[in-house]
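Student: Got a structure here, written out as structure tokens. Questions coming.
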Amino acid sequence: MVTFRFHQYQVVGRALPTDSDEHPKIYRMKLWATNEVRAKSKFWYFLRKLKKVKKSNGQVLAINEIFEKNPTKIKNYGIWLRYQSRTGYHNMYKEYRDTTLNGAVEQMYTEMASRHRVRFPCIQIIKTATIPTKLCKRDNTKQFHNSKIKFPLMVKKVRPPTRKLKTTYKASRPNLFM
Amino acid sequence: NSSILIPSPPLSSISNTITHKQTPKMPFKRYVEIGRVALVNYGKDYGKLVVIVDVVDQNRALVDAPDMVRGQMNFKRLTLTDITIDIPRVPKKKTLIEAMEKADVKNKWESSSWGRKLIVQKRRASLNDFDRFKLMLAKIKRSGVIKQELAKLKKENAS
């Protein structure tokens, strides 16, 4: 449908077996990246911070993309993140309404970039969850929890149906009233 | 950061007293609501009639039509029509089709002036050269008849 910039991957990896440790513990991580190569790289980045293992003495056992189970159902997503601002690290909780988790994550990255000037490398997603309607915290998402929602569109955006028909000058002023 | 969603009309002057029961008069006739039929005016599904089935957020709606997979669409791609149908929030495809039949969306659309204009536009765009020739002859014939009548009326007026 819509092409997502961010894909969700499940990466499973472990340290390489050595003489002292025949069966090292296997770790699994779910993360977001634009492609599989970056996902593996990000996996090692996080694992390095948590365990004493690097890409050079470890192996990725599996990497699978996780797809949305119900892409036609609107859900409220809560995203807990840790980001680095110019002055230090902060935690944040953000809510988004979207049909897919990838879409919500994309919204989150673009919002963080616009509102806080934080780019992709400086954001770590701690946790994501679909929030049931009752537990949503932000007014911005709660205002859409109305089964009889009704609002008018303010401005009618007049634009040609294809970019080919775009012209610099128009014969008459467009009427913007819906 | 709660954005202003429902618009309120401008505050009345002090002399007007608005009671709680009175709904202020808004200049908008077409609302985004569940069951509103809209025309897609941009993109891959250009020209299709779709039904707004739910609202995702300020800019997007969940949109459905009998011949497409239910998906989200930006309001910028939709032009609202006057037609609404009676559906619950996010209905099954079958319920949607039944409701569309009941509200007779297709006929209402094709008999509305907007719908008729679009049909004529499509027909004109799909003419081949022979059709255009026939059209030219028909136009000449029609204008000939009109001019004859006009000449008659002129003569009557002059005399």
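The values are calculated or read from the model by the stated rules, or taken from the named source; none is laboratory data. In this text the structure is predicted, and so the values were computed from the model without any measurement. All Cβ positions, even for glycine, are placed from backbone atoms using ideal geometry, and neighbour counts span all protein chains on display. Each accessible area value is taken on the protein alone, full model and side chains, heavy atoms only, with ligands, DNA and RNA left out. Shrake-Rupley method; radii C 1.70, N 1.55, O 1.52, S 1.80 Å.
Student: For chain A, compute Rg over Rh where Rg is the Cα radius of gyration and Rh is the Kirkwood radius from the inverse mean 1/r over Cα pairs.
Tutor: A ratio of 1.11.
Student: Of the candidates A:S147, A:S41, A:S114, which one comes out as most mobile in a Gaussian network treatment of chain A with C-alpha springs shorter than 10 Å?
Tutor: A:S147
Student: What does the accessible area per residue of chain A come to in Å², with a 1.4 Å probe and no ligands, DNA or RNA counted?
Tutor: It amounts to 68 Å² per residue over chain A.
Student: Okay, next question. Got a sec? Which residues in segment A:15-53 would a label at A:R5 touch, if it sits 7 Å along Cα→Cβ and we count backbone N under 13 Å?
Tutor: A:33-35
Student: Then there's this: What is the average number of partner chain Cβ atoms found within 10 Å of a Cβ in B:54-62?
Tutor: For this peptide, the per-residue mean of nearby foreign Cβ atoms is 5.
Student: Using a Gaussian network model of chain B with C-alpha springs under 10 Å, which one of B:K106, B:K94, B:K147 is most mobile by mean-square fluctuation?
Tutor: Ranking B:K106, B:K94, B:K147 by mean-square fluctuation puts B:K147 first.
Student: Okay, next question. Which residues' amide hydrogens lie under 5 Å from the amide hydrogen of B:I34, considering only partners 5 or more residues apart or on another chain, with H built in the peptide plane?
Tutor: Sorted by chain and number, the residues that satisfy this are A:I149.
Student: Excluding B:R123 itself, calculate the net charge of residues whose Cβ lies under 14 Å from the Cβ of B:R123, where each Lys or Arg counts +1 and each Asp or Glu counts -1.
Tutor: Net charge around B:R123: +4.
Student: So for segment A:75-178, Kirkwood radius off the Cα pairs, Stokes-Einstein at 20 °C and 1.002 mPa s: how many µm² s⁻¹?
Tutor: In µm²/s, the coefficient rounds to 127.
Student: Suppose R0 equals 45 Å; then what is the FRET efficiency for B:A125 and A:L135 from their Cβ-Cβ distance, rounded to the nearest 0.05?
Tutor: With a Förster radius of 45 Å, E is 0.30.
Student: If you don't mind, another one. With a 1.4 Å probe and every protein chain left in place, work out the accessible area per residue of chain B in Å², rounded to a whole number.
Tutor: 72 Å²
Student: How fast does segment A:7-65 diffuse by Stokes-Einstein, in µm²/s, taking the Kirkwood radius from C-alpha pairs at 10 °C and 1.306 mPa s?
Tutor: 138 µm²/s
Student: What net charge is computed for the residues neighbouring A:K73, neighbours being all others with C-beta under 15 Å from the C-beta of A:K73, Lys and Arg scored +1, Asp and Glu -1?
Tutor: Charge balance near A:K73 sits at +3.
Student: Which pairs in the list A:K69/B:K102; A:K166/B:K117; A:K150/B:K94; A:K150/A:K170; B:K76/B:K122 are over 27 Å apart, alpha-carbon to alpha-carbon?
Tutor: Where the Cα-Cα span goes over 27 Å, the pairs concerned are A:K69/B:K102; A:K150/A:K170.
Student: Count charges around B:L80 for me, please; just the other residues with Cβ under 10 Å from its Cβ, Lys/Arg as +1, Asp/Glu as -1.
Tutor: Spelling it out: positives minus negatives among the neighbours equals +2.
Student: Starting from the Cα of A:K127, step 7 Å along the direction of its Cβ; do the same at A:E22; then give the gap between the two resulting points in nm.
Tutor: Placing both labels 7 Å along Cα→Cβ, they lie 3.8 nm apart.
Student: Return the equivalent ellipsoid semi-axes of the protein assembly as shown as a descending list in whole Å, where each equals the square root of 5 times an eigenvalue of the C-alpha gyration tensor.
Tutor: Output for the protein assembly as shown: semi-axes of 55, 28, 20 Å.
Student: Also, quick follow-up: How many Å³ per residue does the convex hull of the Cα positions in chain B occupy?
Tutor: 256 Å³
Student: On a 0 to 90° scale, report how tilted helix A:101-116 is relative to the longest principal axis of chain A, with both axes built from alpha carbons and the result rounded to the nearest 10.
Tutor: Computed tilt is about 80 degrees.
Student: In nm, to one decimal, how far is the modelled label at B:K139 from the one at B:K76, with both set 7 Å along Cα→Cβ?
Tutor: With each label placed 7 Å out from Cα toward Cβ, I get 3.7 nm.
Student: Which residue, A:V37, A:V11, A:V158, has the most motion in a Gaussian network model of chain A that connects Cα atoms within less than 10 Å?
Tutor: Taking springs between Cα atoms under 10 Å, the residue moving most is A:V158.
Student: Comparing the chain by itself with all protein chains present, which residues of segment A:92-139 are at least 10 Å² less accessible (probe 1.4 Å)?
Tutor: Checking the loss per residue gives A:R97, A:D98, A:T99, A:Q107, A:R115, A:D139.
Student: Each label point is 7 Å from the Cα along the Cα-to-Cβ direction; what then is the distance between the points at B:K155 and A:R38, in nm?
Tutor: 8.2 nm
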